[in-house]
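J.: Take a look at the following structure, please.
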């Protein structure tokens, strides 16, 4: 869906006239699920890019204030909730603007500190009360469920890739994931912990954003960044900070190999470089 500056100006003027005179500018790097625009100096506007991402608006607007009270890292705080209008068919939201850059574009990034601080954030996230929280399911694209939810996709993708990947090693990583399950109470997960959903300032973690796939369930899905972004030394720091048992890491490898495989077959994907890294890191771990 094409969402322009003019669309945002019309929506804001129509529904929140107190902000009608503020300038509207698109953020330089847009995500896939949503389009984000800066509104003046202190606000941002976030709009789902298609039908499949609409449910995230109410979910985030409802639960982010609670999450913000229980974690030490900044998360987006909703300021107002918008309705369809001005030719745009979905609900949308206004948030506080959070300054920063993504870690993959931060020349001053302290990578070990990021690994430790992100692990600490995820540990704190698991402590947020879950009463009334959304259970993992289609709204989270099955993040928070067992990775076997994508078992058919894994098998089909592995068959399609054929000899271009180490089929036996991939199956072994997947099999290890299939032999474990989350035995604790459901806990909060973010659902898409990736460099594009982290903000840093002065080389340190400043915020975690985009909770559109969040929910409660198994936190294994939140560990995939261990292979898509971190080196082995950084991964060890992250693992210590996040404080989850070995079986959770086995399922995390399952999530990571599935995502890597479905992306390897699409070299035009913007995620392709980080998923190539994930595949190579997983294979090195497996052989080691």
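J.: So what is the relative contact order of the chain, in percent, for Cα pairs below 8 Å that sit 6 or more residues apart?
T.: Relative contact order of the chain: 19 percent.
J.: Under the rule of -39500 (n - 2.57) per DSSP H run of 4 or more residues, summed and divided by the residues of the chain, what mean residue ellipticity at 222 nm is obtained, to the nearest 500 deg cm²/dmol?
T.: -12500 deg cm²/dmol
J.: Quick one: give the max-minus-min coordinate of the C-alpha atoms of segment 1-152 along each principal axis, largest first, in Å.
T.: Rounded to whole Å, the extents work out to 42, 40, 31 Å.
J.: Using DSSP, restrict attention to beta bridges with both residues in the chain and report what percent are antiparallel, rounded to the nearest 5.
T.: 95 percent
J.: What number do you get for the chain when its Cα radius of gyration is normalised by 2.2 N^0.38 Å, N = residues?
T.: Working it through for the chain, the quotient is 1.02.
J.: What ranking do 158-166, 69-77, 196-204, 224-232 get when scored by the average of other Cβ atoms within 10 Å per residue, highest first?
T.: Listed from highest to lowest mean packing, they are 224-232, 196-204, 69-77, 158-166.
J.: A follow-up question, please. When you have a sec, figure out the Kirkwood radius of segment 194-275 from all distinct Cα pair distances and drop it here in Å to one decimal?
T.: Taking the inverse mean of 1/r over all distinct Cα pairs, segment 194-275 comes out at 14.0 Å.
Every number in this text was worked out from the coordinates using simple rules, so none of it is lab data. Note that the structure is predicted; figures quoted are calculated from it, not measured. No Cβ is skipped: glycine too gets one built from the backbone with ideal geometry, and neighbour counts run over all protein chains shown.
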